[in-house]
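Remarks on the structure that follows.
The values are calculated or read from the model by the stated rules, or taken from the named source; none is laboratory data. The model shown is predicted, which means the values in this text are computed figures rather than measured ones. Cβ: placed from backbone, ideal geometry, glycine included. Neighbour counts: every protein chain shown.
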Amino acid sequence: MKLILETHNHSLTKLFVGLPYASRLTEDEKIIIGDTTKSMVKPNNILLTLKEQNANSCTTMKQIYNAKYVYYSSIRGDNSEM
């Protein structure tokens, strides 16, 4: 084995939790979050629902909160009108 870069002297990770590409929400997950948010479901239960549907999902609570914020912002609309 030849060492090319000294900074990456480790094997590949097996868990992709927290990595940006692996933790992106799919369109189906965004729809589920929107529907469950509309029904006033708590974020913990939304995460459990997503994990039940996809066991390999790397979704975190922060992503749930961010998706809820985007959903509420889309309902509220633009506040810059005078």
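Here are the numbers for the structure shown:
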quantity: Any hit, the range 55-72, residues being modelled with pLDDT of 90 or more, among the aliphatic types (A, V, I, L, M) and part of a loop (DSSP other than H, G, I, E, B); calculated: no
quantity: Top-ranked residue in the range 1-51 [being among the β-branched types (Val, Ile, Thr) and modelled with pLDDT under 90; ranked as surrounded by the fewest Cβ atoms within 10 Å (Cβ to Cβ)]; calculated: Thr7
